[in-house]
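Below: the structure, in structure tokens.
The values are calculated or read from the model by the stated rules, or taken from the named source; none is laboratory data. Quantities reported herein were computed from a predicted structural model and do not represent experimental measurements. Reconstructed Cβ throughout: ideal geometry from the backbone, glycine too, with neighbour counts over all protein chains shown. Ligands, DNA and RNA are stripped out before the accessible areas are found, and what is left, the full protein with its side chains, is counted by its heavy atoms. Shrake-Rupley method; radii C 1.70, N 1.55, O 1.52, S 1.80 Å.
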Amino acid sequence: MIGIFDSGIGGLRVVKEVFEKLPLYKVIYFGDLARSPYGTKSPKTVIRFSRQIAHFLVQKGAQVIIIACNTASAHAAEVLKKEFSIPIFEVITPAVKKAIQKTKNQKVGLIGTWSTIESQAYQKSFKRFDPEGKIQLFAQACPLFVPLVEENFIHRPETKKIARYYLRALKHQGIDTLILGCTHYSLLKKVIQNVMGKKVELIDSTEVVDDILAEMAQKNLLSQLNKGFGHQFYFSDVPRNLEVLSQRFLGQKLSHLKQIDLDEVL
Ligand code: DGL
């Protein structure tokens, strides 16, 4: 079973991709809606929440875990890789590799939550895959994008204005590649593309499943995973708009959702 987790609903974008690319495999998802957003939280808290979720997923039978949340990937991936015996995948490494492949002028932009940007996780990953430091990385936190997406302000003029404000400096730097380093930004792609112009290549950190699957195949993991239907979705809170949000992020309405209090079940 493939375990996937996120601070809330954004990780459903990754689930959507897994459903498309691996339709025969079982998925178990945990969205930490009771404690989201993670993007404003301290590293210590994000690590604590992520560790708890990973324990829950393993207890439920996850054989691998994909951390769909950028903020959790930034702070907790290394910790979880050390503490858990099952393979753990995150979304930062594949996004960085893609950006390095795509950029022609060696100027890459990164947008994400405060917590992701301040973690320097992307910067460290660039150092690893571009050791000579040929690429310049320009980072910008865009904290209002998450609530705008959740309130469905996607096509509103206010959102365009805010996008222009956030992206102004990156545009000025002349980047040719922009990493959308947050689950929610995937839904703002059109707006971001409009502001940045057609020539800037957008790398969506929720569209990295191909790379994760390639790594799984290389490590001979796929053949060991359980196949079958009956995906499981768990949330630490089931707010009134969850059905609507799941439609927006996953492309299908999730109903009969299970609310889980991790403090009670672990
Ligand atoms: N899932 C988070 C991320 O990708 C965004 C939402 C939040 O701040 O919790 O960073």
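Residue by residue through the stretch 227-260, note down the ones that are within 25 Å of P87 (Cα to Cα) and open to solvent by less than 80 Å² (accessible area, probe 1.4 Å).
G228, G230, H231, Q232, F233, Y234, F235, S236, L250, I260
Please enumerate the residues belonging to the stretch 104-116 that are open to solvent by 20 Å² or more (accessible area, probe 1.4 Å) and either within 12 Å of the ligand (Cβ to nearest atom) or without any contact (Cβ under 8 Å) to a residue 12 or more places away in the chain (or both).
Listed by number, the list holds a single entry, W114.
Looking only at the stretch 176-197, count how many residues are over 21 Å from I135 (Cα atoms) and surrounded by fewer than 18 Cβ atoms within 10 Å (Cβ to Cβ).
Of the residues in that region, 4 qualify.
Scanning for something on the phi > 0 side of the Ramachandran plot and touching a residue at least 24 places away in the same chain (Cβ under 8 Å), does the stretch 23-35 turn up at least one residue?
Scanning the stretch 23-35, I find no residue that is on the phi > 0 side of the Ramachandran plot and touching a residue at least 24 places away in the same chain (Cβ under 8 Å), so the answer is no.
Does I154 meet the test of being within 19 Å of R248 (Cα to Cα) and more than 15 Å from the ligand (Cβ to nearest atom)?
Judged against the criteria, I154 is a match.
Cβ-Cβ below 7 Å, separation at least six or inter-chain, first residue in the stretch 51-75 and touching a residue at least 12 places away in the same chain (Cβ under 8 Å) and over 10 Å from F5 (Cα atoms), second within 16 Å of the ligand (Cβ to nearest atom) and open to solvent by 30 Å² or more (accessible area, probe 1.4 Å): which pairs?
Here the result reads H75/P43; H75/I47, each pair linking the stretch 51-75 to a residue that is within 16 Å of the ligand (Cβ to nearest atom) and open to solvent by 30 Å² or more (accessible area, probe 1.4 Å).
Within the bounds of the stretch 43-63, is there any residue that is of a type outside the set (G, A, S), over 22 Å from G228 (Cα atoms), in contact with a Cys (Cβ under 6 Å, 6 or more places away or on another chain) and open to solvent by less than 30 Å² (accessible area, probe 1.4 Å)?
no
May I ask you to list the residues in the stretch 1-46 that are away from the ligand (no atom under 14 Å from the Cβ) and assigned to a helix (DSSP H, G or I)?
If the condition is that a residue be away from the ligand (no atom under 14 Å from the Cβ) and assigned to a helix (DSSP H, G or I), then K16, E17, V18, F19, E20, K21, K44 are the ones that fit.
With respect to the numbered conditions (1) under 29 Å from V27 (Cβ atoms); (2) surrounded by 14 or more Cβ atoms within 10 Å (Cβ to Cβ), which one is the sole condition not fulfilled by L167?
(1)
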